[in-house]
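Please read the structure below before turning to the comments.
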Amino acid sequence: MRKIFCSAAIAAQLTMAFTSVAPHQALAASAHAHKLRSPHFVVTALEKKGIRVIDLRRKAQVYFLHVSDSAGTEAIVAIDGYSAEIIGLMVLALGPGVVATSTGSRGNHFVDLSYSFGYEVEYSVYESYTVVTTEEISITEEYTEVTYEESEEVTYTEVEETVEADLDSGTAEDVAGDELADGNNDEADAAAYDEVPDHAADEMGVDEASDDVADDGADEAVADDGTDDAGADDDGMDDAGADDGGDDGMDDAGADDGGDEVIEDGGDEG
């Protein structure tokens, strides 16, 4: 009886230990570290394009920057931290004499700060994202490690790839970063594919799996024909000349000599 009581007490203590884990500790356990291009790298790359960064924020793997150009036009630019690619832009204010380029008229890629495209974010939403401090920007490493939950990952419709939009184009890390960014957008890509007609989806390779199944069925049909031909010789169809072309190879291999000999011997004796 005493052993049963002790076991029950131990079980109760373990239960209390698990339930006493603070919410923030459980959150930390579910979050993961991710290696992104650093704020310094992103800011420096934009400055080389003549774009001045006024403020920088981040949500999961995407940087959002309040920027301006020499003409005085201001915009919010979205940059994927994995691929270092500009994936969206929303014009906030046009500089003196600057005319906005109509959205959609130049495709779904970066042109300049007067052209909205891709992943657009309102300023009020932008303000809710995590602030990247000047101290963080001053760290001159090319990469940084950030922690966030997988559920926070930003998904977006992929944009057209251009040299102007790719901040690390031509570097050794470019391809690896692009692959990571693509992997994060499988859900968005699947949704985009679901919206296109079936014949267009086929062209994009959506039905490759079903095509493979169909091919396998066709292959099995061919294999079955070979098997049937081998067995067809037993009833004397070869002698009638119905499928000589397919069975000659089988006869040469000796696969059905036994069947033919029985039939032929019986015929000769008669």
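The values are calculated or read from the model by the stated rules, or taken from the named source; none is laboratory data. Everything numeric in this text was worked out from a predicted model, so none of it was measured. Every residue, glycine as well, gets a Cβ built from its backbone with ideal geometry; the counts of neighbours run over all protein chains shown.
Overview of results
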quantity: Filtered residues of region 101-147 (kept if closer than 14 Å to Val159 by Cβ, polar (S, T, N, Q) and crowded, with 16+ Cβ neighbours inside 10 Å); calculated: Ser116
quantity: Matching entry among Phe41, Phe64 (being at pLDDT 95 or above, in the same structural domain as Glu136 (by TED's automatic domain parsing) and in a helix (DSSP H, G or I)); calculated: Phe41
quantity: Failed item, numbered, when Ala75 is tested on (1) out of contact with any Gly (no Cβ under 9 Å at 6 or more places or on another chain); (2) assigned to a loop (DSSP other than H, G, I, E, B); calculated: (2)
quantity: Residues (over 14 Å from Val154 (Cα atoms) and of a type in the set (S, T, N, Q)) located in region 72-95; calculated: Thr73
quantity: Residue match in region 143-166 (condition: within 24 Å of Lys35 (Cα to Cα), free of Cβ contacts under 8 Å to residues at least 24 places away in the same chain and assigned by TED's automatic domain parsing to the domain that holds Phe41); calculated: yes
quantity: Sole exception among (1) in contact (Cβ under 8 Å) with a residue 40 or more places away in the chain; (2) more than 14 Å from Ala165 (Cβ to Cβ); (3) in contact with an Asp or Glu (Cβ under 9 Å, 6 or more places away or on another chain) for Ala78, by number; calculated: (2)
quantity: Test: residue in region 92-109 that is among the β-branched types (Val, Ile, Thr) and in contact (Cβ under 8 Å) with a residue 40 or more places away in the chain; calculated: no
